[in-house]
Amino acid sequence: MSRKLLLLLTILFAPFLAPSVAMADDASYCADLSSLYRRYLSGQGNGQLFPDVTASVAMDECAKGNYTAGIPVLEKKLRDARFTLPKRT
């Protein structure tokens, strides 16, 4: 009887557990992208007088937990600069 109950509970609650794991992965990935951008591209001295506002906003979105807004922008900025993106876990 307890096996059936455990199976039932696993089936019922599995969908709620998966998004939290995905969000933790997104948080880590977004932090990695932000770190790469800050280290190698912010203030790179390529004639820009002002920091890249788009990248700045994307890093801020990551810090707020809005990974769907921050990740694509940072990925594009890094790819455009010919960086290899970190692996997503």
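Going by C-beta contacts inside 10 Å, put V53, V73 in order with the fewest on the left.
Working: V53 8, V73 20.
Result, fewest neighbours first: V53, V73.
Provide L85, L33 in ascending order of the number of other Cβ atoms located within 10 Å of each residue's Cβ, fewest first. Don't skip to the end; give the middle numbers.
On the way: L85 14, L33 27.
By the 10 Å Cβ count, ascending, the order reads L85, L33.
Considering every pair of different Cα atoms, what Kirkwood radius, in Å, is found for segment 22-89?
The answer is 12.0 Å.
At 0.36 nm per residue, and after removing the present C-alpha to C-alpha distance, how many nm does the segment from T68 to T54 gain when stretched out fully? Before the final figure, lay out each step's value.
Values: separation 14, 0.36 × 14 = 5.04 nm, distance 1.44 nm.
Net length gain for the segment: 3.6 nm.
Only Cα pairs under 8 Å and at least 6 apart count here; give the relative contact order of segment 22-89 as a rounded whole percent. Let's see the in-between values first.
On the way: 53 pairs, mean separation 28.1, N = 68.
In percent, rounded to a whole number, it is 41.
Read the figures in this text as sums done on the coordinates, not as results from a lab. Everything numeric here is computed off the predicted structure, so don't read it as measured data. So basically every Cβ, Gly included, is an ideal-geometry build from the backbone, and we count neighbours across all protein chains shown.
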